[in-house]
Structures are given as C-alpha cells and as structure tokens.
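First the structure, in the form of structure tokens, and then the observations on it.
The values are calculated or read from the model by the stated rules, or taken from the named source; none is laboratory data. Bear in mind that the values here come from a model prediction, so they are computed numbers and not experimental data. Cβ placement follows ideal geometry from the backbone for every residue including glycine, while neighbour counts extend to all protein chains displayed. Side chains included, ligands, DNA and RNA excluded: accessible areas come from the protein's heavy atoms. Shrake-Rupley method; radii C 1.70, N 1.55, O 1.52, S 1.80 Å.
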Amino acid sequence: MSAVADTHAQDHHHGPASGISRWLLTTNHKDIGSMYLMFSFAMFLLGGTMAMVIRAELFQPGLQIVQPEFFNQMTTMHGLIMVFGAVMPAFVGLANWMVPLMIGAPDMALPRMNNWSFWLLPCAFLILVSTLFMEGGAPNFGWTFYAPLSTTYGPPSTTFFIFAIHIMGVSSIMGAINVIATILNMRAPGMTLMKMPMFVWTWLITAFLLIAVMPVLAGVVTMMLMDINFGTSFFNAAGGGDPVLFQHVFWFFGHPEVYIMILPAFGAISHIIPAFSRKRLFGYASMVYAVGAIALLSFLVWAHHMFTVGVPVAGQLFFMYATLLIAVPTGVKVFNWVATMFRGSLTFEAPMLFAVAFVILFTIGGFSGLMLAIAPADFQYHDTYFVVAHFHYVLVPGAIFGIFASAYFWLPKWTGHMYDETLAKTHFWLSFVGMNLAFFPMHFLGLAGMPRRIPDYALQFADFNMVSSIGAFMFGSTQLLFLLIVVKCVRGGEKAAAKAWEGAEGLEWTVPSPAPYHTFSTPPEVK
Amino acid sequence: MRVHAQRAGALLGGLSFPALSLADWTVNMTPGVTGTSNDIFDLHMTIFWICVAIGVVVFGIMFWSIFAHRKSQGAKPANFHENTLVEVLWTTIPLVILVIMAIPATTTLIDMYDTTESDIDIKVTGYQWKWQYEYINEDFGYFSNLSTPSDQIRNRQAKGENYLLEVDNPMVIPVGKKVRFLLTANDVIHSWWVPDFGVKKDAIPGFINEAWTRVDEPGTYRGQCTELCGKDHGFMPVVVKAVPEEEYNSWVAEQRAAAEKERELTQKDWTMEELMERGEQAYATACAACHQADGSGAPPAFPALKGSAIAVGDITDHIDIVVNGKPGTAMQAFGGQLNEADLAAIITYERNAWGNNVGDMVTPKEIFDYKNEQ
Ligand code: HEM
Ligand SMILES: [Cu+2]
Ligand SMILES: [Cu+2]
C-alpha cells in the first residue's frame, strides 16, 4: 500500500504540469520535442497547401487561378516554410526526443534555452506568414531571395521577412548549441564517441554545420536590411556594390543548409535499416567518417549553384571537382545501407518501407545531383524544372520520408501504443506513388526546357505538368492520413513493449513505452 | 489513312482540350544545333548512363535482398560487417569513374569560355521584362518583347503554336559566324537562355558577362529568361533567327536605315493626333505591363496613371519621371530605352487618354532638348 502511495507522490512531483503552462513553461525535452514535431507538421501542411496552389495553377497552360505576383509569393513562401518551418524543426524535435534517450542523459543540457528556442519559432513564422496580408504582398523573390530583386525591387514586407529569418536563425543556433552541449557532456559512462548511435553522430555534425552557417545567413539578411533601409550598397552595383556577392554569401550558407536537412535523416535511417534487417549496420566507422567528409566538403562547393553567373573558368573547375568529390562519401553511405540489408532477415513495417524508399529515391536525387555537378551540362539544367525535380527527390523522399520513417519507428516509444500498421502502409504507398508521379515528370519538363518559377508555360510542357499536378494532389491529400494515424496512436492501440521492434538496438529501447516523463535520472552503464 | 486519323484525333483533342493537341511527351534533352550544345548533350548522356549503370548494380543488390532475404521466406540474418577490401573498393571505383567523367567536362567548359575572335558582337541587356539587343559594331539596337496577346494568356482566345515563346523583334544572327554576346541587365538579374545553342548566361546589373555561339543551321530558335526577375519572369522569351549571311547583311542595312529614320522623326513637326496615335501603341508595349492598358495600374506596386497627380500635373515633372525614372523603384529611366518620338508620344498620350484631359502636348524636339540640358 505504502509503495503505491509513494509512486503516486513521485508522479505528482515529477509529472508534467497541467494546462497550457505545461507547454508554455516546460523545460522537459520530451514535451519540447513533441511541440517541435507538431509545429513542424503544421508548417508542412501550410507549405504543402501553397504547393497545391502552385500545382493547381500549373495544371494547364494559361493563367487560371492566381496572378503572377501571387504565384511568386506562393513559390517563395512554400520554399521558406518547407525548409525553415517543416524540415529543420522536425529534426530538432527528433533530436530533443531521442538524443537524451539514446545517450542515457536525463534531459538536454540547457533546458531553459531549449524552451526559448522552440517558442521563438512560432513567433518567427507568425511574422513571416503575416506578410501575406501586408500591402504589396509577401516576399516574392524565391526562397533564395537574390539581390537586387529582394532589395531595391523587393516588396515593403521584405523587412519583416528579414526579421523573421533573424529569429529563426537565433532559434536554430540555440538548438544547435544545446545539442552539442548535450552530446559532448551528458553521455552515459562508457559511451565513447565511437560508440555513439549514428543518429547522435549525424546530429552532432549537423549542429556544427548550423553554428557555422546560420550566422552567415544572418549576415546576408542584415546586409539586405542595410541596403533597404539605411542607404548602403552592398548589393547595388550603382552604388559600388556587387549583386554577385549576395549569391556567394547566400550559397555559403545554402549548400551546408541542404546537408543540415539530410544528415539527421541519414542517422535515423542507419538505425531503421539494421533494425528491420535484424543485422548490424555494415560499416559503422566508415559511416561516421563519410558524414564528417560530407560536412567538410559541403563548405567547398557553394558555387555549383552559380555556374551560369560568370565565375572565372578556374573557379568553375574547382567547384565542379569538389562537387563530384562529395558524391564519393554519399555513395559510401548508400552502399553501406544496401550491404546492411544484404543477407539480413527483412520485414517491411512502415518505418522500413519509408527507409527503403528513402534509399532508392534519395539515390535517384543523388544521380541527378551528379548530373548537375557536370558544369557544362548544368548550363542546360540550371534554373529549369530538372533542378526542381532534383531537389524534391532529395528533400521529399530524403528529408520528409526520413522524418516519417523516424516517426513510425519511435511512435511506440513516444505514445506507448503501436500505430495502425494498415493505415501506415496505405500512407506509405499513396505517398510513394504520388511523390513519383508529381516529381519524376519534372525531370522531363526540365530537359525539354521549362524554366522554374514560372506561372505559365509553353504548350509542349502541358502533358507532363498535368500528370505532375495530379501526383502532387495525391501526395498532398495523403498527408492528412498521417495526422489521423498519429492521433489514433496517441489515443490508444496495441500496447507497445519497451523494445517495440524485434531488431531494434540502443538505450532508448531499455526504458518503458511510453517513455516516462523523466528517464535516466541515474545514468545507465554502456559496455 | 493514319494521317487522317491522327488529324481527326488532334482536332478532337484540340476542341476539347486546346492545350493538349500540341503538347508532346518529350523526355530527354535535345542535342541542339551548335558544337557546344552537342558536346553538352554527349556529356549529359554519358553521365546519365553512368548513373544508370551504378543504379542497376546498387538497386539490383537491394532488390535481390528484398526478394530473397525476407524473414517471411525464412531468411536468417548473416553476421558480417566491416570489410576493408569492400570499403576501399566502393570508395575508389566511384572516384575513378568521376575522374574519367571530369576530363571531357573540363575540355567542354574551357571551350565554352573561349569568347575570343568573334565575328559579331551583340550586347544583350535584360529589362523587367524584355530584352534589348544592340549590335555594337553596327550602330543600331532594339527591344524584343513578348508578342503573345494577353487574351491568350487569360484564356479568352485559343493559344497559338508558339504560345509564350514568340516576340515582336527577334534577334537575328548569320549562320556560320562566331557571335559573341555581352550580357548585362538594367534592373534585376535575368538569364538569357537558348537551349538549342547550349548558351545560358546570367545578365547582371553593373556587370558584363560573355558567351558565344556559332550556329550552322538556319532556323528560329526559342528560349526563355531563366532567372526569377519579378512578376513577368515567365513572360520574357528569347527568340533568335539564324539566317544565311546575305540575308543577314541586308537585314542589317535595313535596320541601320530604320535607325536613321527614327532619328529623323525627332526633327519632324508632330500634330496632337499623330502623337496620340503613336503614343497609344508605344504605351502598350513599354508601359502597360505595369500601369495597365487602361491606366489603372496595380496599386500599391504600380500606381494608376489615370488621374494621377503627375500625369495631370506639371508637364516637366511628368517628363522627368518618364525620362529619368524613379531610382529604387520599378519605374525605370526610359530616356535611354525609347527614342524621343516615342517618349513624346507616350507622355502626350498619358496626359490625354482615359479621361486625363489636360490638353497639352510635348514634341520629340522638346524631349531632345530636355535630355541635352541634363
Ligand atoms: C507536398 C509536396 C510538394 C509539392 C507538390 C511541391 C511542389 C513544388 C513546386 C511545383 C515547386 C516549383 C515552383 C516553381 O519553381 O515555380 C516547388 C519549389 C520548392 N519546393 Fe516544393 N513541393 C513539395 C514539397 C516540398 C518539400 C517537402 C520541400 C522541402 C523540404 C520543398 C522545398 C521546395 C523549395 C526549396 C522550392 C524552391 C522555391 C523557390 O523556387 O524559391 N518542397 N515545390
Ligand atoms: Cu549546393
Ligand atoms: Cu526572368
């Protein structure tokens, strides 16, 4: 009897606060992780809705639904919201939930900062989204916001956009500092660096990338702010500035940014594939070195986005070689996943389905990346739908499928219930077919000469655009199913065991499901 | 018979779905018509087949595992991991393939950058949203605007064959000559692309980029602006006509004569009616994109001119904003873009159209003097 009373009292002291203050004031890594994930999914739906507007306008040639001004706002906001609102916060959410559980730490190293870095995000996006209702409209210069289109010629809301980017940057940097501090200081005794789970490794490297490049982004938007409001001419040729400088600074941030959006997914996939192959990851050490090599090389390739800008030929060659080089460690990762599956004992629950699709489709995106790296060929591909196809093949099946795979993999741990496998498989197959239908024809459109960021197109592009739009509607509407699956799983379902998957390995599976509000108050021993 | 069936099909398709009858299902890049574009095409196909080969091996092993190593088939997991030989091999083989690939890419790139010894130089300037082509050794130049009627874009009229890929004045070049393009822009960054030439280069304000081509087959080649440059980025096509040399020479002679005539227009005495008539046309090509044909603009980005303080106010202010533009806004300085006759006609038109009945006019000569005073 007294024992029961005791646990009860403990629950009371250490359990979550009730009501809204639980969420506003929480410093618990699990609560903050959940908030990041929910926020990210909301942004995914918002950014996805904008993609539906884009695809609806492009369903047929001619202007039907929106005007070019608004179309440009949609592409810009879609890109910004997906990159900064959907993908990055989802990975921070996964890191919050899983890094402490994986390294045997009781929480993140800096819990109050953790709360703040989350709550900054809704503020930033409130500002960004509010620009849609401002006079002159939302930012309309593409998510790459090249000057002088975004400075001298930008809409009045550009200053709000800059402010929003600053806040997002602060949030990301704080999140990254927290991850690094947690990983370097709070590992369970015995967990040496080379024993860390892959997800922890990839997030550690991602966090360093974030700290390195988010200030560069802050710098470039600050220079814009000065040009717009304080009469400087960083990017204005008439005042002695240089519009090309903008692109160099932007892409010095932008290329590492694309790896920020994929490395944590690499990590998660490196857990999921071994778990459902019931076999160890083929080459742990080479996977770690490959991620390190990718991260370092990612600082040396930025001008491959600028092959048509007129970089001198020597520079052009340097960036082409460096970009080709980055394919080598990326290949090593793919080969490792395949070697892990080879002669395993495979089952295909939803996390594995998403993980296998990740490997296949990300590799296709990697192939088109290799093609884009060939500088002379890039003169034809650049700024066409071929590029749109390429980056959606790395972002949708890469980042997004990676996130879905992780979510299904760890949902039993988070909620204590197994999700509905049939619905999850339906979600997978509809997403898989929809995604390929939406994005594969974009390769053809690009090769046939359709530029990106246009609201209307010549008639020879009509057929594939229609196919692509149908695929996009299919993919988009399917995502509501995910919401349903998660809500169902939170509400109930088959009880999940501590180790929810037969082949899963790692400290997170040693705590009960659902993971109690406080875990690892005494550190576990890692041998 | 088959031809008839096809035609009937096309007609049916065309009636039910105007867009579809002309569309096609092209899936690959086309080789184009220049040495450069053919080199690029070869590189594109080489790297494509390399990717296919790697894909067959990697996906082959993967699908084999998916097929044969399923738990439901009774597969027991093996326990191998880390094999130095395999890992060294799958690092070095791709590296070697990439080095082999880099060699032809390097040669092609160096060739693309060789803009020396050109026969003809054309300066290409990007404007929001049109191209200006200046034949710098020949003393003439002109603008090239989209010529697809707005009714086609807004679905009030059937779309033509070259929908969105047609212009009023195409660039004209002679076949068999090395043509050098000097690219720059007047406002934001644009990018000049003709897929069939394998030429795409950014036009950047304040900078001059170079590119070149040599076309051997006469023909009309179409492309588009490929750098987001604002609202009408999708509506500034590039059209180049490659013609035999004699035809080119006579075209140049014509253009030079026309340019001379334009200069004479400034000296001529103009009546109000002549100015209004010319003004309406010139306004439609140069100003209507922003201020709209009926002068209503698209506030707040583009002010209405109908009843605007400047258009019905002091004429010097009106001349000033049209000739010098308004720095820092989309209102460009048209003084350098339009000739005096057009400037005078447009200003007169704006002051007397859409109910702006100011009643005054300005002559090309007065514009000429105004520009010289500055
Ligand atoms: C719901 C499925 C999606 C569809 C149907 C979709 C569709 C599109 C389309 C058609 C464009 C090209 C717009 C244009 O160039 O005119 C575009 C641009 C873009 N998308 Fe997506 N997209 C989807 C998901 C995503 C995701 C998940 C991400 C990122 C994680 C993403 C990132 C981007 C970016 C960065 C751009 C470039 C925006 C720009 O040009 O500035 N998209 N999308
Ligand atoms: Cu890049
Ligand atoms: Cu453009």
Of the residues that make up segment B:276-285, is at least one modelled with pLDDT under 90 and surrounded by fewer than 24 Cβ atoms within 10 Å (Cβ to Cβ)? yes
Within segment B:165-193, tally of residues that are at the interface with another protein chain (Cβ under 10 Å from one of its Cβ atoms), among the hydrophobic types (A, V, I, L, M, F, W, C) and outside any strand (DSSP E or B): 3
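Give the residues of segment B:229-258 that are part of a helix (DSSP H, G or I), more than 16 Å from ligand 3 (Cβ to nearest atom), open to solvent by less than 20 Å² (accessible area, probe 1.4 Å) and in contact with a strand residue (DSSP E or B) (Cβ under 6 Å, 6 or more places away or on another chain), sorted by residue number.
B:248
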Among (1) in contact (Cβ under 8 Å) with a residue 12 or more places away in the chain; (2) open to solvent by 20 Å² or more (accessible area, probe 1.4 Å), where does residue A:374 come up short? (2)
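Part of a helix (DSSP H, G or I) and away from chain B (no Cβ under 14 Å): which single residue out of A:249, A:288 fits that description?
A:249
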Please tell me if residue A:41 is among the aromatic types (Phe, Trp, Tyr), in the same structural domain as residue A:112 (by TED's automatic domain parsing) and in a helix (DSSP H, G or I). yes
Of the residues that make up segment A:244-252, is at least one within 17 Å of the chain's Cα centre (by Cα), within 25 Å of residue A:361 (Cβ to Cβ) and among the hydrophobic types (A, V, I, L, M, F, W, C)? no
Which condition number does residue B:62 fail, the rest of (1) in contact with a helix residue (DSSP H, G or I) (Cβ under 6 Å, 6 or more places away or on another chain); (2) open to solvent by 30 Å² or more (accessible area, probe 1.4 Å) being met? (2)
What do you reckon, is residue B:227 in contact with a Ser or Thr (Cβ under 8 Å, 6 or more places away or on another chain) and within 16 Å of ligand 1 (Cβ to nearest atom)? yes
Tell me, yes or no, whether segment B:263-270 has at least one residue that is in contact (Cβ under 8 Å) with a residue 24 or more places away in the chain, surrounded by 14 or more Cβ atoms within 10 Å (Cβ to Cβ), outside any strand (DSSP E or B) and within 14 Å of chain A (Cβ to nearest Cβ). no
Can you tell me which residues in segment B:77-97 are acidic (Asp, Glu) and not in a helix (DSSP H, G or I)? B:82
Testing residue B:216 on (1) buried (at least 16 other Cβ atoms within 10 Å of the Cβ); (2) outside the structural domain of residue B:319 (by TED's automatic domain parsing); (3) in a loop (DSSP other than H, G, I, E, B), one condition comes back false. Which one is that? (1)
Can you tell me how many residues within segment A:404-422 are crowded, with 24+ Cβ neighbours inside 10 Å and either aliphatic (A, V, I, L, M) or within 16 Å of ligand 3 (Cβ to nearest atom) (or both)? 3
Just checking, does segment A:296-308 include any residue being away from ligand 2 (no atom under 16 Å from the Cβ) and part of a helix (DSSP H, G or I)? no
Can you find even one residue in segment B:303-318 that is open to solvent by 60 Å² or more (accessible area, probe 1.4 Å) and more than 17 Å from residue B:346 (Cα to Cα)? no
Among the listed residues A:80, A:58, which satisfies the condition of being more than 27 Å from residue A:209 (Cβ to Cβ), modelled with pLDDT of 95 or more and open to solvent by less than 10 Å² (accessible area, probe 1.4 Å)? A:58
For segment A:311-410, list the helices (runs of 4 or more DSSP H) that sit wholly inside it and hold at least 2 residues that are modelled with pLDDT of 95 or more and within 14 Å of ligand 1 (Cβ to nearest atom); which are they? A:350-373, A:385-394
Has segment B:103-120 got any residue that is away from ligand 3 (no atom under 16 Å from the Cβ), assigned to a strand (DSSP E or B), more than 9 Å from every other protein chain (Cβ to nearest Cβ) and open to solvent by less than 40 Å² (accessible area, probe 1.4 Å)? yes
Among the residues of segment A:284-328, how many are under 21 Å from residue A:371 (Cβ atoms), open to solvent by 10 Å² or more (accessible area, probe 1.4 Å) and not hydrophobic (A, V, I, L, M, F, W, C)? 5
Has segment A:127-149 got any residue that is under 17 Å from the mean Cα position of the chain (by Cα), closer than 30 Å to residue A:195 by Cβ and either aliphatic (A, V, I, L, M) or open to solvent by 10 Å² or more (accessible area, probe 1.4 Å) (or both)? no
Go through segment A:150-165 and give me each residue that's crowded, with 18+ Cβ neighbours inside 10 Å and either on the phi > 0 side of the Ramachandran plot or not in a loop (DSSP other than H, G, I, E, B) (or both). A:158, A:161, A:162, A:164, A:165
Segment A:253-270 residues that are within 14 Å of chain B (Cβ to nearest Cβ) and closer than 14 Å to residue A:397 by Cβ, paired with ones that are within 16 Å of ligand 2 (Cβ to nearest atom) and in a helix (DSSP H, G or I) (beta carbon under 9 Å, 6 or more apart): A:269/A:362
Any residue in segment B:101-119 that's within 15 Å of residue B:183 (Cα to Cα): show its pairings with residues that are at pLDDT 95 or above and of a type in the set (Asp, Glu) at Cβ separation under 6 Å, as long as the two are six or more apart or on different chains. B:115/B:210
Kindly check whether there is at least one residue in segment A:446-457 that is open to solvent by 10 Å² or more (accessible area, probe 1.4 Å), within 10 Å of ligand 1 (Cβ to nearest atom), touching a residue at least 40 places away in the same chain (Cβ under 8 Å) and within 14 Å of chain B (Cβ to nearest Cβ). yes
Residue A:110 being over 23 Å from residue B:233 (Cβ atoms), in contact (Cβ under 8 Å) with a residue 24 or more places away in the chain and not charged (D, E, K, R): yes
Residues to consider are A:411, A:372, A:430, A:395; find the one that is more than 14 Å from chain B (Cβ to nearest Cβ) and in contact with a Ser or Thr (Cβ under 9 Å, 6 or more places away or on another chain). A:430
Does residue A:188 satisfy being touching a Gly at 6+ places or on another chain (Cβ under 6 Å), open to solvent by less than 30 Å² (accessible area, probe 1.4 Å), under 23 Å from residue A:111 (Cβ atoms) and away from ligand 1 (no atom under 16 Å from the Cβ)? yes
